Amino acid sequence: MSLEANQLTIQYVGQVGVILRKNDIAIAIDPYLTDSVDQLGGSPDGFWVRRYAPPVKPETLADLNLVLCTHEHMDHMDPGTLRAIAEASPSCRFGAPRVCLPALEAMGIDPSRLQALGVQEAWSFADELTIQPIPAWHEERVQDKEGWDHYLGYMLQWDNLCLYHAGDTLLKDELVEVLSGYTIDVGFLPINGRDIFRNRLGVVGNMNALEAADLAAYLHFDIVVPVHFDMYPNNSEGISPFVDRLYQKHLGQKFHIFQPGETLVYRKVN
Ligand SMILES: O=c1ccn([C@@H]2O[C@@H]3COP(=O)(O)O[C@H]3[C@H]2O)c(=O)[nH]1
């Protein structure tokens, strides 16, 4: 296998957003590059104040072939970000749970550029790239009458690499079962957890840092990347529980903690 088949670049763009580049294909997952969540009403004043400016301007993203959105919350499917990308990258397509397509169309994105994604069918995006939607529980698994999920994660099988982006989800037995069918090289997992006080404010939660660390080790991810912890302090439990857990229980489990905007070249060695 060539060197290229075993490597890609990963840029972390904040919250859970990443841009993956490999073999002339560039894919953004859940890019959130404005402050639209900060403008949402309904939470106590100052609850949503992003801690850092978007590390990338969406209008500069001119090389994207695909944007994947895991669900319709604005920190995952942001109109300001997606409109700018649609304009800057005219051939970029947009994949999302089927329920999200009307909202994407309402943003002005042409329907021909949209792809409904569901766990029932993998999408062969390119010769060397297949995208399998994975169910997600944020905090519930929500499906319409025809079985289309409202919340998804994505498994990308890309050349010789297998990349998992969990989206927003709890850790469930069913999820472990689905993921057990894959040998994951890089896994992006949310670690902000959940509690009743956030629930009371309408904030739905995710797996916590200990669960994410345990999942990565249980499934032998090559590296685990924690996400969803650095942007909104009121919806975070910090990063140290994640690192502590790995060193206490899973010494040797590789991980990478990104700074916003940082790019890593990942190369699988085996
Ligand atoms: O359009 C929005 C944007 C945000 N929210 C809430 O804020 C939370 C932000 O983190 P999260 O993405 O894990 O979950 C989100 C929801 O709980 C929402 O309900 N609708």
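Bear in mind these aren't lab numbers, they're just calculated from the coordinates by the rules spelled out. All figures in this text were calculated on a predicted structure; none of them were measured in a lab. Neighbour counts are summed over all protein chains in view; Cβ atoms, including those assigned to glycine, are modelled from backbone coordinates with ideal geometry.
Looking only at the stretch 76-84, decide whether some residue is more than 16 Å from the ligand (Cβ to nearest atom), outside any helix (DSSP H, G or I) and surrounded by fewer than 24 Cβ atoms within 10 Å (Cβ to Cβ).
no
Among the numbered criteria (1) more than 24 Å from residue 155 (Cα to Cα); (2) more than 14 Å from the ligand (Cβ to nearest atom); (3) in a helix (DSSP H, G or I), which one does residue 109 miss?
(3)
Filter the stretch 1-50 down to residues that are farther than 17 Å from residue 82 by Cα and of a type in the set (A, V, I, L, M) and give me whichever is nearest to the ligand (Cβ to nearest atom).
40
Could you list, in sequence order, all residues of the stretch 52-75 that are within 16 Å of the ligand (Cβ to nearest atom) and out of contact with any strand residue (DSSP E or B) (no Cβ under 9 Å at 6 or more places or on another chain)?
73, 74
Across the stretch 202-241, which residue is farthest from the ligand (Cβ to nearest atom) among those that are part of a strand (DSSP E or B) and of a type in the set (A, V, I, L, M)?
223
Considering the stretch 126-159 alone, what residues qualify as being of a type in the set (Phe, Trp, Tyr), out of contact with any Asp or Glu (no Cβ under 7 Å at 6 or more places or on another chain) and outside any strand (DSSP E or B)?
Those that are of a type in the set (Phe, Trp, Tyr), out of contact with any Asp or Glu (no Cβ under 7 Å at 6 or more places or on another chain) and outside any strand (DSSP E or B): 137, 148.
Any residue in the stretch 54-69 that is within 25 Å of residue 197 (Cα to Cα), touching a Phe, Trp or Tyr at 6+ places or on another chain (Cβ under 9 Å) and assigned to a loop (DSSP other than H, G, I, E, B)?
no
Per-residue answers, yes or no, for (1) closer than 19 Å to residue 30 by Cβ; (2) within 16 Å of the ligand (Cβ to nearest atom); (3) hydroxyl-bearing (Ser, Thr, Tyr):
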residue	(1), (2), (3)
158	yes, no, no
168	yes, yes, no
173	no, no, no
189	yes, yes, no
200	no, yes, no
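Out of 161, 104, which single residue is surrounded by 14 or more Cβ atoms within 10 Å (Cβ to Cβ) and under 24 Å from residue 215 (Cβ atoms)?
None of the others qualify; the one that does is 161.
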